[in-house]
Amino acid sequence: MFKIVKKSNKTGARRGRLKTAHGVIDTPFFMPVATQGAVKHITTGEMKALGAPVLLSNTYHLMLRPGSALIKKMGGLHKFMNWDKAILTDSGGFQVFSLASFGKAQDRQNKHGSKGLVKLTDKGVDFSSYVDGSRHHLSPEDSLKIQRDLGVDIAVCLDECVALPATKEYITKSVELTSLWARRSKAYWQKVRGTKPLLFAVIQGGLDKELRLKSLADLVSCDFDGYNIGGLSVGEGPREMYQVLDYLAPAMPANKPRYLMGVGYPENIVEAVKRGVDMFDCVIPTREGRHGRLFMFKDNADKQIALALKGKKYAPFYEQININNAKFAKDAKIINKNSTNGELQKLTRAYLNYLFKINEPLGQRLASLNNIEFYLELMAKIRKNI
């Protein structure tokens, strides 16, 4: 299922191949986010042309709309969204908590269990739909059944993602609950017959080393197909995240893929790969694109990425331009000279600036295409330099 083909002799960086029902994927790789079954502004045909090997969708959103029963009736999520490569779905746990409008982390801790909000028990989580306010129950087994009905390639166990900062007492209880749900998920999965996705579990524990390693040990004892590093990029700074990866990644099973959830900016990805991470996802490319912020490689990008992966000091390898700035209003340069997309090679930055000025959705679409291509090319450069 997963095989390491090359490792750095300087850092923890590694290359591998992950076998899924819809093809073999070279690692490290980045998953563009198709939360509700669509990458914002971009078709699956365009995603395929850009070389995306896998998309990430969300169990929570798809169970609410249009519903897993309908998608299953339509032949599964691949046919529903016209995508013939791999799909990973996260469990929906993060969205259950993040969309509950808790506000501050401490408020969230105090309100767990309150009527009308999110109620956590050993059995699962009760919550209100952000769509229409209807009440729902999501158990570890429910989450996996939904993901199997969707027909995805990689499913993820239900977990509780803690917003930081949080007390150690609260994080401890959260780790215990996530471990309990993981054991129930594995027990359910062992009873399932027929075709089923690969099953990944989520390591939690906040910034506490003892709890992180406990969470990892609990999950490894169940022997999952892969392990996600959750609960980072949720309030802590990059340095704190790297400190967690420094001790956690080397302790993770070497023969299983390591997935850092929701990360991040290009430098975050390079630093995480250097520490041994294989898989990434993030909304940053399309979110930044919708606001007119475009990622561009500098001319020395390959050299700087190579230095980073060898553990050496490196200079910034990209720049981010805000096309909304007045200086681009008369800029006759094409949007991105290095793009493989015909429109990005022909249209000017002045035109793109104009599209954003008149709130034309085409501008957001072009900027998002640029950024998705950048992230996929970033991963290609990383793989080449390991």
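Starting from the coordinates of the alpha-carbon atoms of the stretch 266-324, obtain the Kirkwood hydrodynamic radius over all distinct pairs and give the value in Å to one decimal.
On the way: mean 1/r = 0.0795 Å⁻¹.
Kirkwood hydrodynamic radius for the stretch 266-324: 12.6 Å.
Answer rounded, prolate or oblate for the stretch 112-271, using the Cα gyration tensor with square roots of eigenvalues a ≥ b ≥ c: rounded when a/c is under 1.5, else prolate when a/b is larger than b/c, else oblate. All intermediate terms of the calculation are to be shown ahead of the outcome.
Values: a/c = 1.60, a/b = 1.18, b/c = 1.36.
Oblate, because a/c is 1.5 or more while a/b does not exceed b/c.
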Looking only at lysines whose Cα falls under 27 Å of K6's and that sit 8 or more positions away or on another chain, we get K19, K48, K85, K256, K274, K298, K303, K310, K312, K313, K381, K384
Which whole-percent values make up P(r) of the stretch 293-384 when all C-alpha to C-alpha distances are grouped in 10 Å steps starting at zero? 16, 45, 26, 12, 1
Does anyone have the angle between helix 140-150 and the longest principal axis of the chain? Alpha-carbon axes, 0 to 90°, nearest 10? 50
Roughly how far apart, in whole Å, are the Cα centres of the stretch 183-214 and the stretch 290-356? 39
Report, to the nearest 10°, how far helix 361-384 tilts away from the longest principal axis of the Cα atoms in the chain, using its own Cα long axis and a range of 0 to 90°. 80
Under the rule of at least 5 residues apart or a separate chain, name every residue whose amide H is placed under 5 Å from the amide H of I229. I203, Y259, L260, M261
Among (1) 182; (2) 165; (3) 138, only one was calculated for this model; which label is it, if the read-out is volume of the Cα convex hull per residue in Å³? (3)
Given charges of +1 on the Cβ of Lys and Arg and -1 on the Cβ of Asp and Glu, with all other atoms neutral, how large is the dipole of the stretch 293-384 about its Cα centre, in debye to the nearest 20? 360
Against the longest principal axis of the chain, how steep is helix 168-191, in degrees 0 to 90 to the nearest 10, with axes from Cα atoms? 80
Beta carbons within 10 angstrom, averaged per residue: use that to sort the peptides 144-154, 6-16, 306-316, 34-44, highest first. 144-154, 34-44, 6-16, 306-316
Can you list the aspartates and glutamates whose alpha carbon sits under 18 Å from that of K123, skipping same-chain ones fewer than 8 residues off? E141, D142, D159, E160, E176
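Length gain on complete extension for the stretch K48 to T172, per 0.36 nm per residue less the alpha carbon to alpha carbon distance?
Details: separation 124, 0.36 × 124 = 44.64 nm, distance 4.18 nm.
Extending this stretch completely gives an extra 40.5 nm.
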Just from its helices, what would the mean residue ellipticity at 222 nm be for the chain, if runs of 4 or more DSSP H residues each count -39500 (n - 2.57) and the sum is divided by every residue, rounded to the nearest 500 deg cm²/dmol? -12500 deg cm²/dmol
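Report for the chain the percent antiparallel among DSSP-assigned beta bridges with both residues inside it, nearest 5. Kindly include the intermediate steps, with their values, before the conclusion.
Details: 24 of 47 bridges.
Looking only at bridges with both residues in the chain, the antiparallel portion is about 50 percent.
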Towards the positive end of the charge dipole of the stretch 256-386, with charges on Cβ (+1 Lys, Arg; -1 Asp, Glu), say which of M296, P316, G264 has the farthest Cα. P316
If the chain between Q243 and D122 were fully extended at 0.36 nm per residue, the gain over the current Cα-Cα distance would be 40.5 nm
Along the charge dipole of the chain, pointing to its positive end and built from +1/-1 on Cβ of Lys, Arg, Asp and Glu, which listed residue (H137, G92, Y170) has its Cα farthest out? G92
Going by how many other Cβ atoms sit within 10 Å of their own, how do E141, E169 line up, fewest first? E169, E141
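Coordinate-derived values only; no laboratory data. Everything quoted here is computed from the prediction, not taken from an experiment. Methodologically, a virtual Cβ is constructed for each residue, glycine included, from the backbone with ideal geometry; neighbour enumeration extends over all protein chains shown.
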